[in-house]
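Below you'll find the structure, written out as structure tokens, and then a few comments.
Bear in mind that the values in this text are calculations on the coordinates, not laboratory data. These numbers come from a predicted model, not from an experiment. For neighbour counting, all protein chains shown are included, and Cβ atoms are generated from backbone atoms with ideal geometry for every residue, glycine included.
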Amino acid sequence: MEMKRMKQLTFGQTDLKVPAVILGCMRLLAADNPVDVLETAVEEGITFF
């Protein structure tokens, strides 16, 4: 599995870097296959859940 690089943004006026896209997981268990959702997100470079 090859992970893509996600654009990183500075968080507010701190030195923290966060991905430009995040995945909200509140209703993740409602998905047909939550593991596939997470695996696809990681493959696409999303690392903030």
Next on the checklist: Through the Karplus equation 6.51 cos²θ - 1.76 cosθ + 1.60, θ set to phi - 60°, convert the phi angles of segment 15-23 into ³J(HN,Hα) values in whole Hz; use x for Gly and Pro.
Outcome noted: 8, 6, 10, 10, x, 5, 10, 10, 10
Item to check | Note, ³J(HN,Hα) from phi for segment 26-33, Karplus 6.51, -1.76, 1.60, rounded to Hz, x at Gly and Pro | outcome: 4, 10, 4, 5, 7, 5, 4, 9
Checklist entry - For Gln8 and Leu28, FRET efficiency with R0 = 25 Å and r from the beta-carbon atoms, rounded to 0.05? => result 0.60
Checklist entry - If you plug each phi of segment 35-43 into the Karplus form 6.51 cos²θ - 1.76 cosθ + 1.60 with θ = phi - 60°, what whole-Hz ³J(HN,Hα) values come out, in order, with x for Gly and Pro? => result 5, 4, 4, 5, 4, 5, 4, 5, 4
Checklist entry - Any idea what log10 I(q)/I(0) is at q = 0.29 Å⁻¹ for the chain, Debye with uniform C-alpha scatterers and no solvent? => result -1.06
Checklist entry - Packing-wise, with mean Cβ within 10 Å as the measure, how do 39-47, 14-22, 27-35 rank, highest first? => result 39-47, 14-22, 27-35
